[in-house]
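The values are calculated or read from the model by the stated rules, or taken from the named source; none is laboratory data. Remember, predicted model here, so these are calculated numbers, not experimental data. Here the Cβ positions follow ideal geometry from the backbone for every residue, glycine too, while neighbour counts run over all protein chains shown. We work out accessible area using only protein heavy atoms, side chains counted, and drop any ligands, DNA or RNA first. Shrake-Rupley method; radii C 1.70, N 1.55, O 1.52, S 1.80 Å.
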Amino acid sequence: MSSGNYLEDGYLALPGFVPTDVTHALLGMLKSDLIQGGVSFDQLTRKHDLLRAEAVEVYGTHYLPLSTFLWGMTPAVSAIVGRDLRPSYCYFRMYRQGDVCFIHSDRYACEHSLSLLLAASDDKAWSLEVGSQHIETPRQRADPDFGGEAYGSVSMKPGDAVLYQGVHRLH
């Protein structure tokens, strides 16, 4: 399921972490629930300091199936990390062609972060990049690139995930 060393490398690729029929079902349920509620994705776009343009964002506190999904993945992530974890935060973000999320680190509540690709409209792989250098405290800024810092890149298809030390690794 995985290769590499999470504790040493600061991140771990998890190909096929969730079956694609499950990721597609979650996305389909979200879309269906929005339609039934009279809400379109366009109504859920938000501007965020980490993004070049507005993006659709849905938070687990507003859509409980996302939080339930996170709780369902928690035992597997706990096993990889080697300690009991409690979910603290989850959201769904839809990136569209040309969207960019700037390089940043996470707040302390996101010590162990997981990015899971639910679907891709063009069937192309999507890459997540994670810095190679451990940082002690979260950055208070976002940058357009890694500058001169080395980083790894994980190519993801739907169902693939990347587990990373969100506070201590730029991504």
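One residue stands out in the stretch 103-112 among those that are in a loop (DSSP other than H, G, I, E, B) and open to solvent by 40 Å² or more (accessible area, probe 1.4 Å): the one that is modelled with the highest pLDDT, namely HIS112. When the criteria are applied in full, ARG96 meets the requirement of being open to solvent by 80 Å² or more (accessible area, probe 1.4 Å), in contact (Cβ under 8 Å) with a residue 40 or more places away in the chain, in a loop (DSSP other than H, G, I, E, B) and not aliphatic (A, V, I, L, M). Criterion applied to ALA25, ALA13, ALA53 was being more than 16 Å from CYS90 (Cβ to Cβ), of a type in the set (Gly, Ala, Ser), open to solvent by less than 90 Å² (accessible area, probe 1.4 Å) and in a loop (DSSP other than H, G, I, E, B), and the one residue passing it is ALA53.
Annotation: THR68 fulfils all but one of (1) out of contact with any Gly (no Cβ under 9 Å at 6 or more places or on another chain); (2) under 20 Å from ASP160 (Cα atoms); (3) loosely packed, with under 15 Cβ neighbours inside 10 Å; the unmet one is (1).
Considering the stretch 34-50, and only residues there that are of a type in the set (A, V, I, L, M), open to solvent by less than 50 Å² (accessible area, probe 1.4 Å) and part of a helix (DSSP H, G or I), the residue that is nearest to VAL162 (Cα to Cα) turns out to be LEU44. Can you say whether LEU163 is touching a Pro at 6+ places or on another chain (Cβ under 8 Å), open to solvent by less than 50 Å² (accessible area, probe 1.4 Å) and within 30 Å of ALA25 (Cβ to Cβ), as far as the supplied structure shows? It is false that LEU163 is touching a Pro at 6+ places or on another chain (Cβ under 8 Å), open to solvent by less than 50 Å² (accessible area, probe 1.4 Å) and within 30 Å of ALA25 (Cβ to Cβ). When the stretch 56-86 is filtered for residues that are under 20 Å from TYR108 (Cα atoms) and part of a loop (DSSP other than H, G, I, E, B), the ones remaining, listed by number, are GLY60, THR61, GLY82, ARG83, ASP84, LEU85, ARG86.
Across the stretch 138-152, the qualifying residues are those that are touching a residue at least 24 places away in the same chain (Cβ under 8 Å) and not in a loop (DSSP other than H, G, I, E, B), and the one among them that is nearest to ASN5 (Cα to Cα) is GLY152. For the stretch 113-137, the set of residues classified as open to solvent by 60 Å² or more (accessible area, probe 1.4 Å) and part of a loop (DSSP other than H, G, I, E, B) consists of SER121, ASP122, ASP123, LYS124, SER132, GLN133, HIS134, GLU136, THR137, listed by residue number. Here are some conditions: (1) out of contact with any Gly (no Cβ under 7 Å at 6 or more places or on another chain); (2) of a type in the set (Val, Ile, Thr); (3) under 21 Å from HIS48 (Cβ atoms). VAL154 meets all but one. Which one does it not meet? With (1) out of contact with any Gly (no Cβ under 7 Å at 6 or more places or on another chain); (2) of a type in the set (Val, Ile, Thr); (3) under 21 Å from HIS48 (Cβ atoms) applied to VAL154, the lone miss is (3). Annotation: of all residues in the stretch 81-93 being open to solvent by less than 50 Å² (accessible area, probe 1.4 Å) and not aromatic (Phe, Trp, Tyr), the one that is farthest from HIS168 (Cα to Cα) is ARG93. Of everything in the stretch 113-138, what is small (Gly, Ala, Ser) and within 13 Å of the chain's Cα centre (by Cα)? Give them in sequence order. Those that are small (Gly, Ala, Ser) and within 13 Å of the chain's Cα centre (by Cα): SER113, SER115, ALA119, SER127. Do the conditions hold for SER155, that is, is it open to solvent by less than 90 Å² (accessible area, probe 1.4 Å), part of a strand (DSSP E or B) and among the small types (Gly, Ala, Ser)? Criteria met by SER155.
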